[in-house]
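Below is one structure, written out as structure tokens, with a few remarks after it.
What follows draws every value from the coordinates through simple rules; no lab data is involved. Not measured: the values here are computed from a predicted model. When we count neighbours, we look across all protein chains shown, and the Cβ atoms used for this are built from the backbone with ideal geometry, even at glycine.
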Amino acid sequence: MIDPVIVKQGASPVVLGFPHTGTFVPPEIEARLNENGRLLADTDWHVDRLYDGLLDGATTVKANFHRYVIDANRDPAGVSLYPGQNTTGLVPETDFDGVAIWKDGEAPDDADSAERLEAFHRPYHAALAAELERVRQEHGIAILYDCHSIRSHIPFLFEGKLPDFNIGTNLGTTCAPEFEAAVESVVSLAPGYDYAVNGRFKGGWTTRHYGRPETGIHAIQMELAQSTHLAAEAPPFAYDEEKAEKLRRHLQDILERIERLSFSARM
């Protein structure tokens, strides 16, 4: 068994969360996935690489396990993030296209979910909570920037093409307005890209759970369309260096702005 989470501590007020870049699936769970499930298609492909080195001193908290094992960005109680809309649950039964990922008769039950919650979900969030508190104690403020990506066309989840940048703050409740504005100010001026604020993606459970501006912890989710940095949104989901380098300039600008703003806010 590998460690469920990797933490790299830094001295910045900014903490980067990576709940969906992991691809580890324990062998006994992998054996229950069907051919479609074993593609691991709903991974946030290369997102950790995309952000690597963009902000010196940023703390990173990365889940090693795949979201098909258990989704680290879902409410542990199983409550839907988007009631009435198609989505995937704490332990997904389907992929983002609504297609089954488990062999017949092998879909996880409540006992499986409880076991995976203890082995994977809780350790990830224990580490993330500890780092946010450490950073807050050091700086008087902590900024959780939750890093995500998804295919730009998924009819099961949303109509049409997803914008390139999708900022989620649960309708402005998870961070002070100046942090949301700082991120929007970058993406709104990024040539060749489009964006949405609290559109289809308003921030997952992580953003909503930790984002408590009144306590000094602010949270923002960034959901990137994978067309911005992949050669194709299909296997083998290859990283496109040229696309990624262009995108990374804007992502670096975002992180540097929220870091500067966090230093101003604590004074």
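Of Lys243, Lys8, the sequence from fewest to most neighbouring Cβ atoms within 10 angstrom is Lys8, Lys243. How many angstrom separate the Cα center of segment 1-59 from the Cα center of segment 202-223? With segment 1-59 and segment 202-223 each reduced to a Cα centre, they are spaced 19 Å.
From least to most packed, judged by other beta carbons within 10 angstrom and beginning with the fewest, Leu247, Leu255, Leu189 follow the order Leu189, Leu247, Leu255. Summary of the geometry: segment 227-267 and segment 106-158, compared by the centres of their Cα atoms, lie 20 Å apart.
Label sites at Ala31 and Val99, each approximated as a point 7 angstrom past Cα along Cα to Cβ, lie 2.5 nm apart. Taking label positions 7 Å along the Cα-Cβ direction at both Phe156 and Asp110, the computed distance is 2.5 nm, reported to one decimal.
Under the criterion of Cα pairs below 8 Å and six or more residues apart, the relative contact order for segment 5-265 equals 23 percent.
A Förster distance of 35 Å, applied to the separation of the beta-carbon atoms of Ala181 and Leu117, puts the FRET efficiency at 0.45. In vacuo Debye scattering of the chain, one point per C-alpha: log10 I(q)/I(0) at q = 0.16, 0.17 Å⁻¹? Result of the Debye calculation: -1.27, -1.44.
Spacing of the modelled spin labels on Gln137 and Asp52, each 7 Å from Cα toward Cβ, amounts to 3.1 nm. When every Cα-Cα distance of segment 161-240 is counted in 5 angstrom steps from zero, the calculated P(r) takes the values 3, 16, 23, 20, 16, 12, 7, 3, 0 percent.
For segment 49-168, what Kirkwood radius comes out of the mean inverse Cα-Cα distance, in Å?
By the Kirkwood definition, the hydrodynamic radius is 16.7 Å.
Have a look at the DSSP beta bridges in the chain and tell me what percent are antiparallel, nearest 5. About 35 percent, rounded to the nearest 5.
Here, segment 204-251 has an Rg and a Dmax of 15.1, 43 Å when only alpha carbons are counted. By its C-alpha gyration tensor, with a ≥ b ≥ c as the square roots of the eigenvalues, how is segment 66-125 shaped: rounded for a/c under 1.5, else prolate for a/b larger than b/c, else oblate? Judged from the Cα gyration tensor, segment 66-125 comes out oblate (a/c at least 1.5, b/c at or above a/b).
Here Phe120, Phe65, Phe96, Phe156 are placed in order of increasing Cβ neighbour count within 10 Å, fewest first, which gives Phe156, Phe96, Phe120, Phe65.
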